[in-house]
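J.: Once you've had a glance at the structure underneath, I'll fire off some questions.
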């Protein structure tokens, strides 16, 4: 699982370097990068609405049966929105911190003091030149830091989801279920990891060590989730508390997914110079790939035949009402 995710995540890094050598920074290179990014946006959109959210709703119905209560308040949607606001807040705080550090490191004297008192037109030209140079330097630094920050935010959101996917694998207790789930997860993670690797690499190709480290950490999250799932299954924590914790975590993860998909990926591509029907087609193709995988494998990460297999083996789920 780790190797599949890591290899698929590194492919975009190699692909972007190939495009850089072949096309440089020309418009064709930028267009291909935009289309690939739109494809990844479609993948994330499909994962969110065809995989994560339906499973949250299923878990919530099981949780209500288990707890013996009928909540009228839409708890999953509430925690999904909380997840959205949390990742939004974290990114804004980080941006402010970066901006403050940059302001402190670029404090300088007045332009008038650094420039000899010569002809007024010459003075104004010099002032304009220095201001433009400082503005350009700030824009480059801000763009570089902002790109790395967005990539880290993105990686955290995707890692959260990967842990929960691995969690589903860790709670299975039959060889057949483990093999089936493992195969379907590999196919799904391959497509997802390519999209994640693209989003991390496209704005940070000059930060090779940071990109490689981020992708490796992301690739480790699903195996980590499997281990946590196994430990939780063997623990003495009550089933109600287990299910409630997983429901909240999944809902928060869905919120981060929505933020990443629409505010980080698709909004950025919508506003660039390549906005066209080709981008829409690329988004739809990414969405269609996930739809096809969902159609072929059903509830790939959560057990299609046993309700609420995220936290319990099948024999402990017989008391639940099937959907």
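J.: With the Cα gyration tensor of segment 255-297 giving a ≥ b ≥ c as the square roots of its eigenvalues, does the rule (a/c under 1.5 for rounded; else a/b larger than b/c for prolate; else oblate) give rounded, prolate or oblate?
T.: oblate
J.: By average Cβ neighbour count within 10 Å, what is the ranking of 8-15, 231-238 from highest down?
T.: In decreasing order of mean packing, 8-15, 231-238 become 8-15, 231-238.
J.: Work out how much length residue 20 to residue 209 would gain on full extension: take 0.36 nm times their residue separation and subtract the Cα-Cα distance, in nm to one decimal.
T.: Result: 66.2 nm gained on full extension.
J.: Between segment 186-211 and segment 252-267, what is the C-alpha centre distance in whole Å?
T.: That distance is 16 Å.
Each reported figure results from applying straightforward, stated rules to the coordinates on display, with no laboratory input. Just so it is clear, the model here is predicted, and its values are computed rather than measured. Note: ideal-geometry Cβ built from the backbone for every residue, glycine included; neighbour counts use all protein chains shown.
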